[in-house]
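Peer 1: Sending over a structure as structure tokens; questions will come in a sec.
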Amino acid sequence: MFTVELIPLMEEDREQFILDNQEAFKYGAMEEFGRRNDDSEADGEIISRGTINECIDGPNAKTFRIVADGMVAGGIILSVDEEKRHGELEILFVSPKIHGKGIGQATWTEVERMYPNIDVWETMTPYFETRNIHFYVNKLGFHIVEFFNKKHVDPRMPDHYEDGDGMFRFEKTIKR
């Protein structure tokens, strides 16, 4: 088991953070589809530089490098509203070289320790990301609360859905 630390992202590490994030998402798509995923964003990446930057620069954003036993192992972007006691997991990625070692779960344990006043956490993942769905539901205790698709669109992204597209929304209520 790894010891995980969340280190705030430094501006000089931003570019590598973005590249590492894109590599991890690309790996996930290749693992799921066995080929180049057709569900790429504008710049040809599974997750675009623009999307990552929007998350990093969000009004309540908290961005961290995941460091496991002294080695950079991934990253996480949260949106935390302490006043409303609500948090969103915007992005979480672990280097594909060390998947399956408990780093994601240890990272989430650290998030909940760092933000003990958050009552509800929320996140989303595409319907085809079965690895992520398993992780959020079976490992972290999130619950699927909504399925966005062409017939039930996310009001924050009304033009996002075409035939076959879909996103699960998850919530985790912290019991005290």
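Peer 1: Taking only the range 133-148 into account, find how many residues are outside any loop (DSSP other than H, G, I, E, B) and within 18 Å of residue 119 (Cα to Cα).
Peer 2: Here the count works out to 5.
Peer 1: Just to be sure I understand the filter: pairs with C-beta atoms under 7 Å, separated by 6 or more residues or on different chains, first member in the range 129-150 and at pLDDT 95 or above and surrounded by 14 or more Cβ atoms within 10 Å (Cβ to Cβ), second member in a helix (DSSP H, G or I) and not β-branched (Val, Ile, Thr). Which pairs pass?
Peer 2: 135/104; 140/105; 140/108; 142/136
Peer 1: Still on this structure, I have one more. If residue 122 satisfies all but one of (1) more than 19 Å from residue 17 (Cβ to Cβ); (2) surrounded by fewer than 16 Cβ atoms within 10 Å (Cβ to Cβ), what's the number of the condition it fails?
Peer 2: (2)
Peer 1: Quick check on my filter: what residues within the range 68-95 are crowded, with 17+ Cβ neighbours inside 10 Å and in contact (Cβ under 8 Å) with a residue 60 or more places away in the chain?
Peer 2: Correct list: 68, 73, 75, 76, 91, 93, 94, 95.
The values are calculated or read from the model by the stated rules, or taken from the named source; none is laboratory data. This one's a predicted model, so the numbers in the text were calculated from it and none came from an experiment. FYI the Cβ positions are ideal-geometry reconstructions off the backbone, even for glycines, and counts take in every protein chain you see.
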